[in-house]
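In what follows, a single structure is set out as structure tokens and then discussed.
The values are calculated or read from the model by the stated rules, or taken from the named source; none is laboratory data. Please read all numbers here as calculations on a predicted model, not as lab measurements. We place every Cβ from the backbone using ideal geometry, glycine too, and count neighbours over all the protein chains shown. Protein only, heavy atoms only, side chains kept; ligands, DNA and RNA dropped before computing areas. Shrake-Rupley method; radii C 1.70, N 1.55, O 1.52, S 1.80 Å.
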Amino acid sequence: MSEPIIEMKKIEKHFGSVIALSGVSLKVMPGECLCLLGDNGAGKSTFIKTMSGVHKPSVGEIYFEGKSMDFECPRDAITAGIATVYQDLAMIPLMSVARNFFMGNEPTKKIAGISFFDHKLANEVTMKEMKKMGIHLRSADQAIGTLSGGERQTVAIARAVHFGAKVLILDEPTSALGVRQTANVLATIDKVRKRGIAVVFITHNVRHAMAVGDTFTVLNRGRTLGSARKGEITSEELQNLMAGGATLATLEGSLAGTI
Amino acid sequence: MTETTSTPPVKTDKPDERVKTRSSFREALIRPELGGICGTILVFTFFLLTASDSGMFSASGVMNWSIVSSQFIIIAVGACLLMIAGEFDLSVGSMIGFSGMSIALLSVVFGLPMWVAIIATFILCMGIGALSGWLVIKTGLPSFIVTLAFLFILRGLTIFAAISTTNKTIVGGIKDAAEGDWLAPVFGGKVFTGLFQWLGDNGWIETFERGFKKGQPVVDGIPMLMVWAVILLIFGHWLLTKTKFGNWIFASGGNAQAATYVGVPVNRVKILMFMFTAFCACVFATSQVIEFGSAGADRGLLKEFEAIISVVIGGALLTGGYGSVIGAALGAIIFGVVQQGLFFAGVESSLFRVFLGAILLFAVILNTYIRRMITGEK
């Protein structure tokens, strides 16, 4: 395979006396979906926040397309091509789909030297991009609040892809969704990956991870617990790894394999 | 999240069969200004029925409530944009008193040319606006608290400055100081005076029949205050709905975190809106000071609430992220018309507040309902 689009080397992050990350490394290839798994408090969120420029790593290096990167703010990461879709913070419900879609990247046209928000273009592009993702809107003017949770995630993903993301980070996009909506989001991830975009998919649902993942990395207590490629690991092994092996083995007896 | 209504992707070009088609009439109704439009119609109907013979709708009557409405529009536009950006400014009223006094002291007491006094005051007030915005951002405190502090600080400073320099709380002599100044007429002058004289000469509007003004029309021009109201209204509406920056205002107020994540400079947007609110207060104060020829330390009392009420009647959400400048202007018109109209209708003036409270409640209930329709809850 070619060189990784993004490589994180021995990332450490300290918040005061708390060590949130102690040396996590990973790399993602273009067109590959990396699933980042881990239980609550494993450091998944902190890790992706260092990747997307929200936090600066205390120690460690980030290489993007082979070059060392030093993100000061989310804007830097977005400019470089790293887009993040947050589970609940992606959209503003009372704003229209088109306004949300172009938030921060508004298209403008000049009329008599004055810069205007190009609503017509924004609406057209939004409708077109949403159609590509398999969602038909009544109109791009409708408020985001009228869409379902899965559709909102899809808008956020479509937005990131449209604005040239090379790495797409998805922070638990499926955790609050129903079965069908989850299927939609997973299908969207697959479409995005096929366009050659690297996807970092954070989840704690092993089944969702197995459905789309090419590689799997499990974090626990700020460390990498293990990494595996698709086919090298079964979902049971992944589940055990996530829950800290031994504990789950004892639990499994009493719960009779229901987890 | 209602999972039962989840929508699977529809692969054909047909519209989703489960999305009900809405009539274009209903579509047209669902807008933030609806409450304001209904309120305006209601208020005008009421006064046309009860006060049509009182001179409320004669030229001078119209001018009377239009001026009051224009005053409200000027401060409501600023308050509206700031509220949509997710913040409040409770210091608007004090800012009006402060800037008026600043112009009076700089020009009358310190003898600066009027235009210098006006420009210096605008810079000072927008600086204070920026400071309160910066404090809100830096401390993370609610703007309610920070600007409440400025409400007292500015009012206190205004009274202190007036007393310590002139021993009075009302400073006059501004008419003389503004004489021949090039900037003062931009705030205190009148336009279209020729048009109104012509209308008067042709008998289309009333003229004075006695006294030294004999032959002059009762309404002799459009005050600059009204021109400012229209300019600010158009500017505010254009900025909010037609520009990139307008989208940032909505985004900052709707969800500052989400907006930051996609690269919207939320802090800059908010501070600029605080400055714009201060600018609007300053326009109000300058027009008033030049018109009256004096500045009073108690000017602008309770104006912040009148601005906020206008904005809320106009359909803006108190928590930010939603609203309309046109709606805020309609709210201001309702406010102005009710205040002056009750006087024309000969209603006991204490009932003004009752009427206003009822309209506020009615408009807000209607607006909440509209908002639910927009987000598809109803």
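Using a cutoff of 8 angstrom between alpha carbon atoms and counting only pairs six or more residues apart, the relative contact order for chain A works out to 26 percent. When both the range B:301-371 and the range A:26-97 are represented by their alpha-carbon centers, they are found 45 Å apart. Roughly how much accessible area, to the nearest 100 Å², goes out of reach of solvent when A and B pair up, both sides summed, probe 1.4 Å? That pair of chains buries around 3400 Å² in total.
Modelled spin-label separation between A:Arg195 and B:Thr193, with each label point placed 7 Å from Cα along the Cα-to-Cβ direction: 6.3 nm. In a reduced charge model with +1 at each Lys and Arg Cβ and -1 at each Asp and Glu Cβ, the range B:57-374 shows a dipole moment near 680 debye about its Cα centre. What number, rounded to the nearest 500 deg cm²/dmol, is the helix-based mean residue ellipticity at 222 nm of chain A, given -39500 (n - 2.57) per DSSP H run of at least four residues and division by all its residues? The per-residue figure over chain A is -10000 deg cm²/dmol.
Reported to the nearest whole Å, the Cα centre-to-centre distance from the range B:266-294 to the range A:169-242 is 53. Approximating the spin labels as points 7 Å out from Cα along Cα→Cβ, the A:Arg223-to-B:Leu361 distance works out to 6.5 nm.
Shielding value for A:106-118 is 3, the average number of Cβ atoms from other chains within 10 Å of each residue's Cβ. Here the accessible area of the protein assembly as shown is 61 percent carbon and sulfur, with a 1.4 angstrom probe and all protein chains present. Per residue, the range A:54-191 exposes 39 Å² of solvent-accessible protein surface, assessed with a 1.4 angstrom probe and all protein chains in place. Just checking the listed ones, A:Lys13, A:Lys131, A:Lys49: in the Gaussian network model of chain A with Cα springs under 10 Å, the one fluctuating most is A:Lys131. Residues A:Glu7, A:Glu106, A:Glu236, ordered by accessible area of protein heavy atoms at a 1.4 angstrom probe radius and largest first, appear as A:Glu236, A:Glu7, A:Glu106. Mean partner shielding of peptide A:144-150, defined as the number of other chain Cβ atoms within 10 Å of each residue Cβ, is 5.
Placing dummy labels 7 Å off each Cα toward the beta-carbon, the span from B:Ile119 to A:Glu12 is 5.7 nm. Using a ≥ b ≥ c from the Cα gyration tensor of the range B:130-249 (square roots of the eigenvalues), is it rounded, prolate or oblate, where a/c under 1.5 gives rounded and otherwise the larger of a/b and b/c decides, a/b for prolate? Oblate, since a/c reaches 1.5 and b/c is not below a/b.
Considering all different alpha carbon pairs of chain A, the Kirkwood hydrodynamic radius works out to 19.3 Å. Result for chain A in a Gaussian network model with C-alpha springs under 10 Å: among A:Val59, A:Val192, A:Val200, the largest mean-square fluctuation is at A:Val59. Counting Cβ atoms of other protein chains within 10 Å of each residue's Cβ and taking the mean over peptide B:339-350 gives 0.
Measuring how big the range B:57-374 is from its alpha-carbon positions, Rg and Dmax come out at 20.3, 68 Å.
Only helices reaching 20 angstrom along their own axis (Cα) with mean Kyte-Doolittle hydropathy no lower than 1.0 count here, and for the DSSP H runs of chain B these are B:34-51, B:59-84, B:114-139, B:143-166, B:224-242, B:266-292, B:325-344, B:351-374. For chain B, a Gaussian network of Cα nodes joined below 10 Å ranks B:Leu135, B:Leu81, B:Leu225 by mean-square fluctuation, and the top entry is B:Leu135.
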